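Worksheet: one structure, shown below.
The values are calculated or read from the model by the stated rules, or taken from the named source; none is laboratory data. Small disclaimer: the values here were computed from a predicted structure and weren't measured. Reconstructed Cβ throughout: ideal geometry from the backbone, glycine too, with neighbour counts over all protein chains shown.
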Amino acid sequence: MVAPDVVGKRLELLKEVVPTVSGVVVPPRPGNPASAPMLREVEDRAGALGVRLQILGVRNPAGIDSAFAAMTRERAGALLTLSDAIFDTQ
């Protein structure tokens, strides 16, 4: 598992590499107890960086397609996944 502060740092690095990014999709998996602290950290950092988050819960691998479709509709600038077996294996 990735420590919550590492996920926040990944958002900072994303903003550094793509300074114009304003919208980022974050797809946590509901039910994963590790998602909550990681999500809180990303939300805190997003506010400080002026990044708008779009939180899209992904319960299973099939939900990844829905997250990408929503990301496209909303014209999100980036995707930031949290550490989770669904994303690590897909």
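Which of the residues spanning the stretch 37-90 are of a type in the set (A, V, I, L, M), closer than 17 Å to VAL18 by Cα and over 14 Å from the mean Cα position of the chain (by Cα)?
ALA48, LEU49
Every residue, every condition in (1) out of contact with any Pro (no Cβ under 7 Å at 6 or more places or on another chain); (2) in contact (Cβ under 8 Å) with a residue 40 or more places away in the chain; (3) exposed (fewer than 15 other Cβ atoms within 10 Å of the Cβ); (4) not acidic (Asp, Glu), yes or no:
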{"residue": "ALA3", "(1), (2), (3), (4)": "yes, no, yes, yes"}
{"residue": "VAL6", "(1), (2), (3), (4)": "yes, no, yes, yes"}
{"residue": "THR20", "(1), (2), (3), (4)": "yes, yes, yes, yes"}
{"residue": "ASP44", "(1), (2), (3), (4)": "yes, no, yes, no"}
{"residue": "GLY47", "(1), (2), (3), (4)": "yes, no, yes, yes"}
{"residue": "VAL51", "(1), (2), (3), (4)": "yes, yes, no, yes"}
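Please indicate, with yes or no, whether at least one residue in the stretch 4-18 is over 14 Å from the mean Cα position of the chain (by Cα) and among the β-branched types (Val, Ile, Thr).
yes
Show the residue pairs meeting these rules: Cβ distance below 6 Å; 6+ apart or different chains; first residue within the stretch 61-90 and within 11 Å of PRO28 (Cβ to Cβ) and surrounded by 14 or more Cβ atoms within 10 Å (Cβ to Cβ); second residue at pLDDT below 80 and of a type in the set (Val, Ile, Thr).
Short answer, once both residue conditions are applied: SER83/VAL2.
Out of all the residues in the stretch 23-37, which are at pLDDT 90 or above and surrounded by fewer than 18 Cβ atoms within 10 Å (Cβ to Cβ)?
Scanning the stretch 23-37 gives GLY23, PRO37.
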